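Throughout, read-outs are computed from the coordinates displayed, never taken from laboratory work. Computed from a predicted model, the values in this text were never measured in an experiment. Don't worry about glycine lacking a Cβ; one is built from the backbone with ideal geometry, like all the others, and counts go over all protein chains shown.
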Amino acid sequence: SKAIVTDAQPRIIPDFSNYTGAWVFAEQRRGQLQRVSVELLGKAQELAKVLNHKVSAVLIGHEVSDLAKTLIQFGADTVYLVEHETLKEYRTEAYAHVFKELVTEHKPNILLMGATHIGRDLAPRVSRCVGSGLTADCTELSIHPEEGILLQTRPAFGGNVMATIANRFSRPQMATVRPGVMEVIPTPEKEGSVITHVTQLTEEQIGTRILEIVKEPKTHGNLTEAKIIVAGGRGVNDAAGFELLGSLAAALGAELAGTRVAFEEGWIPASRQVGQTGVTVRPDLYIACGISGAIQHRAGMMDSKFIVAINKDPYAPIFKVADWGIVGDLFDVVPELTKQLQAA
Ligand code: FAD
């Protein structure tokens, strides 16, 4: 053990050498694996390699065992499978209870979840149940070269600084990670094992009953999983301008997004804002229309595979990250592009 002296009380770092493995919560909804879980398996492989640990996925639900194969093909050495009727629909208490059982039994060193609606709800409850800390909404994870602890980086103070947080005093080291940030690393040849865990949970132990599930009408697809994104900024001028972008998006089968300005002006919903305080995306093609390319916007889109920028200012910073730059008025360029695509 090592003593850490802070300006408060000196604290002794406990011995965590019996905690091992990088775990990922394999989030599924109605049997559909969420992409972020696969992304996290990519990151977990990287972290586990440094620590000489194994990667595990925790798959909870009812009749979801088919997904175990996919998890192995994306990096899991072991899949902890927990199936029960009571776990069919996500409920915080039930899932947290299962995690408590698993963590107590197997003692993982690292536990990662997607910063999705479910992950953001579940992770704090699990961290409370297992008595560990949690860093929410991380955008980068790495291992400290000397100490071997998890360095968890996330935007802080409204995105003005990037804070790197390390947990020296409890295990597992828990983080939620934004979707779209980590890279998927397929492992098609991998052979992993599935360990079935029988939960002691009973329906009576759960205080919540699901009476009805009302699905929100889907007006658009998932931005973080989009292959093509057409995004607009202040240069688009108004909602009518966004309709022009909508036609281009329809011609390309793309999703529509925008800058913080576009959100603040009410041209796009908050969920469509790309950037440091919005969503991080990495599509195959990102078309930025009337976007200056402020650092806070670039932070959310610069990992896109191919970037096309349309801006009338040749010195706009967006051109620094663009693969193709079109210097021109978007009100000329976008309709022409749409026309050509529709005719093709
Ligand atoms: P502007 O910077 O005003 O750029 C408009 C561009 O449109 C200009 O380059 C102009 O040349 C071009 N243009 C105008 N008319 C036309 C035309 N007819 N044809 C072609 N081009 C035209 N921003 C985000 O986007 N996402 C975030 O998550 C985010 N988080 C932030 C967090 C913090 C803490 C702070 C301080 C800021 C954040 N911002 C964020 C805001 C960011 O700093 C910028 O203000 C914002 O991205 C600018 O948006 P914009 O490019 O739409 O507007």
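Values for this structure:
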item: Net lengthening on full extension, Arg29/Asp329 (0.36 nm per residue, minus Cα-Cα); result: 103.7 nm
item: For Ser65, Ser17, Ser127, order by how many other beta-carbon atoms lie within 10 Å, fewest first; result: Ser17, Ser65, Ser127
item: Relative contact order [Cα under 8 Å, 6+ residues apart], the stretch 2-112, whole percent; result: 30
item: Interchain or long-range residues, amide H under 5 Å from Val24's placed H; result: Ser56, Ala57, Val58, Leu112
item: Counting all C-alpha pairs of the stretch 43-99, share separated by more than 20 Å (%); result: 34
item: For the stretch 254-324 and the stretch 61-110, distance of Cα centres in Å; result: 36
item: Under Karplus coefficients 6.51, -1.76 and 1.60, residue-wise ³J(HN,Hα) of the stretch 235-248 in Hz, glycine/proline x; result: x, 6, 6, 6, 4, 5, x, 5, 5, 4, 5, x, 5, 5
item: Neighbour-limited loop hits for trypsin sites (Lys or Arg not before Pro), the stretch 194-259 (at most 16 other Cβ within 10 Å; DSSP other than H, G, I, E, B); result: Arg209, Lys215, Lys218, Lys227
item: Degrees separating the helix 117-130 axis from the principal Cα axis of the chain, which is the longest one; result: 20
item: For Val177, residues with placed amide H under 5 Å, excluding near neighbours; result: Met113, Gly114, Ala115, Asp137, Cys138
item: Dimensionless Rg over Rh [the chain; C-alpha; Kirkwood]; result: 1.02
item: Low-density loop positions, trypsin sites (Lys or Arg not before Pro), the stretch 274-344 - DSSP coil, at most 16 other Cβ in 10 Å; result: Lys305, Lys312
item: Quarter of Cα convex hull surface for the stretch 202-344, i.e. mean projection, nm²; result: 11.2
item: Within-11-Å neighbourhood charge of Ile268 [Cβ basis; K, R +1; D, E -1]; result: -1
item: The stretch 99-190: trypsin sites (Lys or Arg not before Pro) in DSSP loop, at most 16 other beta carbons within 10 Å; result: Arg168, Lys190
item: Charge tally in the Cβ shell below 14 Å around Gly192, where Lys, Arg are +1 and Asp, Glu are -1, Gly192 excluded; result: 0
item: Excluding exposed DSSP-loop chymotrypsin sites (Phe, Trp or Tyr not before Pro) (at most 16 other C-beta within 10 Å), longest clean stretch of the chain; result: 1-168
item: Under Karplus coefficients 6.51, -1.76 and 1.60, residue-wise ³J(HN,Hα) of the stretch 299-313 in Hz, glycine/proline x; result: 4, x, 9, 6, 8, 4, 5, 9, 10, 10, 10, 10, 8, 7, 9
